[in-house]
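Okay, structure first, notes after.
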Amino acid sequence: MRHLKYNILLLLSIAVASTAAYGQLPVSDENAEPFVYLARDDGEGKAGEAVSEFGINDVPIHCVVKLGSSESATIKMLLVAVKVNGVRPETKVVSASFTTNEGQNEVNFQGKPQKMWVAGIYRADIYLNGTMIKSIEFPIKGTLVTPVVNSFAPVKPKPKSNVTKKRP
């Protein structure tokens with residue numbers, strides 16, 4: 001009987017200790033490096049899971065910056081066309097900047113063209129308070145399928161009539 005009481009007290013102590021551990025807030029490292037990733041849209045206007053390449057129809061592309069500190073900071077994102085047909089190399093496609101309030105530690109940028117992306121190699125450059133912290137190069141793959149229009153179609157000859165006209 002004495003062992004039973006001891007085992008019950010031990011189990012209750014473990015249960016109470018584990019419940020307290022789950023209820024604690026995670027300890028944040030204020031000196032941690034920022035974590036940056038690119039993501040497709042989740043269908044609801046938010047960033048989905050991290051990916052390393054996109055398709056021409058992935059509109060918008062999200063760039064998520066998770067800061068290691070909750071102090072106020074200015075985050076800038078430049079989306080650069082590295083090797084894209086018809087675009088001069090190193091052309092800035094999208095530029096955005098955001099200053100966080102104290103307590104904010106995540107910024108989500110969105111880049112989107114008017115219709116769809118042009119396939120090629122792009123790069124996202126991320127700056128924290130004016131210093132580059134991350135550069136991510138990524139491909140946008142796919143081809144724009146356009147219907148073939150033949151503007152030089154042969155003119156069909158008019159069918160000959162079997163009726164002959166009489167001359168007066």
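Laboratory data are not the source of any read-out in this text; all were calculated from the coordinates shown. These figures come from a predicted structure and were not determined experimentally. Positions of Cβ are generated from backbone atoms using ideal geometry, with glycine treated the same way; all protein chains shown enter the neighbour counts.
Listing for the model above:
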{"read-out": "Residue-span extension gain [ARG123 to LYS83] - 0.36 nm each, minus C-alpha spacing", "value": "13.4 nm"}
{"read-out": "Estimated distance in nm for a label pair at LYS115 and SER70, the labels positioned 7 Å out from Cα along Cα-to-Cβ", "value": "4.6"}
